[in-house]
1. Among (1) open to solvent by 50 Å² or more (accessible area, probe 1.4 Å); (2) of a type in the set (D, E); (3) under 20 Å from E56 (Cα atoms), there is one condition E151 misses while meeting the rest; what is its number?
2. Identify, from the list L179, L132, the residue that is within 15 Å of the ligand (Cβ to nearest atom), open to solvent by 30 Å² or more (accessible area, probe 1.4 Å) and more than 15 Å from the chain's Cα centre (by Cα).
3. Pairs please, first residue from the stretch 223-252 and at pLDDT 95 or above, second anywhere and within 16 Å of the ligand (Cβ to nearest atom) and of a type in the set (K, R), Cβ atoms under 7 Å, 6+ apart in sequence or on different chains.
4. What's the total number of residues in the stretch 43-87 that are small (G, A, S) and without any contact (Cβ under 8 Å) to a residue 40 or more places away in the chain?
5. What pairs come up if the first residue lies in the stretch 197-213 and is over 14 Å from I181 (Cβ atoms), the second is part of a loop (DSSP other than H, G, I, E, B) and β-branched (V, I, T), and their beta carbons are under 6 Å apart, counting only those six or more places apart or on different chains?
6. Would you be able to say whether some residue in the stretch 167-178 is on the phi > 0 side of the Ramachandran plot and of a type outside the set (G, A, S)?
7. Could you grab me the full set of residues in the stretch 162-176 that are within 14 Å of the ligand (Cβ to nearest atom) and either part of a strand (DSSP E or B) or open to solvent by 50 Å² or more (accessible area, probe 1.4 Å) (or both)?
8. For the structure I just gave you, tell me whether V159 is outside any loop (DSSP other than H, G, I, E, B), open to solvent by 50 Å² or more (accessible area, probe 1.4 Å), over 21 Å from T15 (Cβ atoms) and touching a residue at least 60 places away in the same chain (Cβ under 8 Å).
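The values are calculated or read from the model by the stated rules, or taken from the named source; none is laboratory data. In this text the structure is predicted, and so the values were computed from the model without any measurement. No Cβ is skipped: glycine too gets one built from the backbone with ideal geometry, and neighbour counts run over all protein chains shown. The protein model used for the area step is the full one, side chains on, heavy atoms only, and it has no ligands, DNA or RNA in it. Shrake-Rupley method; radii C 1.70, N 1.55, O 1.52, S 1.80 Å.
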Amino acid sequence: YYNENTILYFDGAFTKATEAKIDLYGQSLHYGYAVFEGIRAYKTESGEVKIFKAKEHFDRFKRSCELIHIPYKYNNDELIAACYKVLELNNMQEAYIRPLVFCPPNMTLKAATETHLLICAWEWGAYLGEKLLRVMLSSYQRPNPKAFKIESKAAGLYVNSILASQEAKEKGYEEALLLDIDGFVAEGPGANLFYEKDGKIYTPSKGNILPGITRATVIEICGELGIPLIEKQITVEELRQAEAVFYCGTAAEVIGWDSLDGQGFSKPWAASLGKVIQQAYKAKVLEKEFKREAIPA
Ligand code: PMP
């Protein structure tokens, strides 16, 4: 992720990653009380480096902090400018950008009053790879929305994601699928879910999921391409009957599923609406034109 030349942005200054220091008594380190974002920059068709949906990501960053009472004293335009500067200083064009707000020393369980801010970046290929995913239904649920602000991209929440990912890997799968506390399909450890059935695309409604920015982009793409999109509560039985399924997220982008618990889907990925959406997504982040004619009949 970094080497001796890497520059990051830490509390208002551009600093060498190897020289930045944090306190071991921080509340975030001990209690997972921190908020992060995951953003991607692309070298667009014109050759210009652009951060995809930077404003949306920083708006969510602010909201994530506010939801868990971490004061947000930052100006998002300045943070976006700092992201571009980090890319430039590290000579990066296509990169994953990681903003993190964390809290200074405090061993109590009181809400934070002061914060630190880090922005770093590294070159990262497709997070879940390019191959279709063999997914397992996790024995872990997504956290109870009555026990946590699950719409906050809070660091501590990701222990749940690590548990589900690890379980899937131990059982020989590439990725996990988690249900919500009511037993409906929720999302992956780091991605939102969509499936295709009878010419329509379905996705779990908001409430028990992280409202992904890629999810919003996929919904936008469905609108642009005239693909009917339905947000609803989805059962595992419905998902097993899907023609094709995909995950999406900033790090993973759009990635199709091979199977759920070893059972495949009726449509080949190459013939699915998901494949079209995957191409349209790639075109959008690269600011390339995308032709609607590419949709299979
Ligand atoms: N769900 C979870 C649990 C995630 O961690 C992520 C990644 N941030 C997503 C969905 C996808 O969100 P986004 O498209 O904003 O990256």
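1. (1) is the only condition that E151 fails.
2. None of the others qualify; the one that does is L179.
3. Partner pairs satisfying both residue conditions: C248/R215; T250/R40.
4. Counting residues in the stretch 43-87 that are small (G, A, S) and without any contact (Cβ under 8 Å) to a residue 40 or more places away in the chain gives 3.
5. What qualifies is I201/I227.
6. Looking through the stretch 167-178, none of the residues is on the phi > 0 side of the Ramachandran plot and of a type outside the set (G, A, S).
7. I162, L163, E175, A176
8. yes
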